[in-house]
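Right, one structure below, let's go through it.
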């Protein structure tokens, strides 16, 4: 991921509603959620949700697919991983113990 893509993704996430949508979709996994279900779960008007999803999609963070009469949204996990790698790639600066607490938090069973 380059710096411009990272800025676009971070900008898309830098709003309460969009971050809530993104986190809900992360929890939903590869199955994703229909737009109506997202709106009901987060108690968001459909037009507001549509705008939020468009911004997230333009940043490459979510994808959509048609399932019958519904549009189902999922997180683009490849883009999410790319953003996380971009943010963390210089973290340890050759000193892996700097990142050890983060890894322990993320992967408690792997220690």
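Observations
- log10 of Debye I(q)/I(0), alpha-carbon scatterers only, for region 3-110 at 0.13, 0.23 Å⁻¹: -0.55, -1.22
- Between 0 and 90 degrees, the angle of helix 3-13 with respect to the longest Cα principal axis of the chain falls at about 50 degrees.
- Counted residue by residue at 0.36 nm each, then reduced by the alpha carbon distance between them, the extension gain from residue 7 to residue 110 reaches 33.9 nm.
- With contacts taken as Cα pairs under 8 Å at a separation of at least 6 residues, the chain carries a relative contact order of 27 percent.
- Folded to 0 to 90 degrees: helix 46-58 orientation relative to the chain principal axis, Cα: 40
- Between helix 77-88 and the chain: long-axis angle, C-alpha atoms, 0 to 90°, nearest 10: 40
Every number in this text was worked out from the coordinates using simple rules, so none of it is lab data. Everything numeric here is computed off the predicted structure, so don't read it as measured data.
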